[in-house]
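Take a look at the structure below.
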Amino acid sequence: MTRTDQPTPAPTGNRTRPRRKVLISGASIAGPALAFWLNRYGYEVTVVEKADTLRSGGYPIDVRGTALDVVEKMGILPPLREAHIDLRRLTFLDGDGTEVASLHPHAVTGGVAGRDLEVRRGDLTDALYAAVKDDVEFVFNDSIDTLDQTDHGVDVTFHEGRSRTFDMVFGADGMHSRTREMLFGPEEQFHRYLGYCFAVFTMRNTFGLSHETVMWNTPGRAAALYAVGDDDEVHAFLNFAQPEPPMDAFRDPDAQRDLVTEVFADAGWEVPGMLAVLRDTDDLFFDGVSQIRVPGWSSGRVALVGDAAYAPSFLTGQGTSLALVGAYMLAGSLADQDHIKGFAAYERDTREFVTANQNLVSQGGATLFPTTARDLEQRNAGLRGLSAIPASAGRPAHSALTLPTFTP
């Protein structure tokens, strides 16, 4: 079923020129955020989403640094503060289940206590949707089939058969972006695999965990249980080093289950129970730990934003924040100039911030997933020395960009 939410026309005021029509592919985070700002600057916005509804629930995500300024400007900071997950403890275990260290999460992640947000993904998507749904057209259960650029616009054919013309099109459709593929070619040339795979799913909280994460490590393997509150469910996480990406498994859920089960077959702690749940779970998410690095984020009248352009991987903790900041910068760059100048400004003013945050990946991998016994021993020794949050907590990369003020 296709559901279309028709927007309430924005007031035109003294505007004499027709509103420019734009299409955004993807209704997760970058897409609705971009829609909000483009509508603010007078664009007529349509968002197309291949799923039949918004994605609810989901694993927790972080909003940090400059991205906090974006959600504050959008007026959605108060509900996100109310939805904040107060994660109080991160406990590391060695291979036999012995505790290595138990710390406040910010001591490891570089977050800023009392400022940074951690919320369920669904809470953020709901807040973004609520902020734009009355002013933006959403088309669910459909997707872009073809793009044909001309001097005057972009002719789009949708999977469900309709055709429409837009002044610009934006790909906010994630790491495995179809828009990027149509624009620049196969994903392989932009996909930087980081040597790990992971599986995430939910299971019953029979462990007595509350507002905490417990992580078990052996060289090249990690298992974690994440309790976001006092819920009766926890997020289960299994991560492992894999030198080459298992391409066949990416397309086959049964192969994913088989691969994870094989890798963790002799693991201790709570892993056997996790594997039992993995076999039958209906909410398994499996992927490689990767980044997307695209030399240019636009071509003609089409541009990319968020993970489609610069996925940093979860090792940085900055995927959501980059999506929010990127959407703000892209829309602002188009507030008072055409797509040629606007796209150039977007990339010029945002790429350094993106690169700094993508480069956090080495720190995240070394802390969470050492691949050798020596590296794991060094990691554990370092964790034992972190008895408190450093006074200078907060990585500069998170706040390396000061948001400019854009005026239409």
Would you mind stating whether GLN291 is of a type outside the set (Gly, Ala, Ser), closer than 21 Å to ILE29 by Cα, open to solvent by less than 20 Å² (accessible area, probe 1.4 Å) and at pLDDT below 95? no
Pairs needed: first member in region 138-152, closer than 13 Å to ARG162 by Cα and among the acidic types (Asp, Glu); second member anywhere, assigned to a loop (DSSP other than H, G, I, E, B) and open to solvent by 40 Å² or more (accessible area, probe 1.4 Å); C-beta distance under 9 Å; at least 6 residues apart or different chains. ASP142/THR2; ASP142/LYS50; ASP142/HIS159; ASP142/GLU160; ASP142/ARG162; ASP145/HIS159; ASP145/GLU160; ASP145/GLY161
Just for helices (runs of 4 or more DSSP H) wholly inside region 36-128: which have at least 3 residues that are open to solvent by less than 20 Å² (accessible area, probe 1.4 Å) and within 24 Å of SER399 (Cα to Cα)? 66-74
Tell me whether region 301-315 contains one or more residues that are modelled with pLDDT of 95 or more, more than 29 Å from ARG120 (Cβ to Cβ) and open to solvent by 10 Å² or more (accessible area, probe 1.4 Å). yes
Kindly establish whether SER143 is modelled with pLDDT of 95 or more, among the small types (Gly, Ala, Ser), over 23 Å from GLN337 (Cβ atoms) and buried (at least 16 other Cβ atoms within 10 Å of the Cβ). yes
Of the candidates PRO370, PRO295, the one satisfying the condition of being touching a residue at least 40 places away in the same chain (Cβ under 8 Å) and not small (Gly, Ala, Ser) is PRO370
Kindly check whether there is at least one residue in region 170-193 that is of a type in the set (Asp, Glu) and either farther than 22 Å from GLY306 by Cα or open to solvent by less than 30 Å² (accessible area, probe 1.4 Å) (or both). no
What residue, among those in region 367-381 that are within 19 Å of LEU238 (Cβ to Cβ) and in a helix (DSSP H, G or I), is modelled with the highest pLDDT? LEU376
Evaluation of THR157 against (1) β-branched (Val, Ile, Thr); (2) without any contact (Cβ under 8 Å) to a residue 60 or more places away in the chain; (3) open to solvent by less than 20 Å² (accessible area, probe 1.4 Å) (one fails), failing number: (3)
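Residue-by-condition table, conditions (1) more than 24 Å from ASP307 (Cα to Cα); (2) at pLDDT 85 or above:
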{"site": "ASP5", "(1), (2)": "yes, no"}
{"site": "ARG19", "(1), (2)": "yes, yes"}
{"site": "SER25", "(1), (2)": "no, yes"}
{"site": "GLU49", "(1), (2)": "no, yes"}
{"site": "ASP52", "(1), (2)": "no, yes"}
{"site": "VAL63", "(1), (2)": "no, yes"}
{"site": "ALA101", "(1), (2)": "yes, yes"}
{"site": "GLY111", "(1), (2)": "no, no"}
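The values are calculated or read from the model by the stated rules, or taken from the named source; none is laboratory data. The model shown is predicted, which means the values in this text are computed figures rather than measured ones. Cβ: placed from backbone, ideal geometry, glycine included. Neighbour counts: every protein chain shown. Accessible surface is based on the protein model in full, side chains and every heavy atom, while ligands, DNA and RNA are left aside. Shrake-Rupley method; radii C 1.70, N 1.55, O 1.52, S 1.80 Å.
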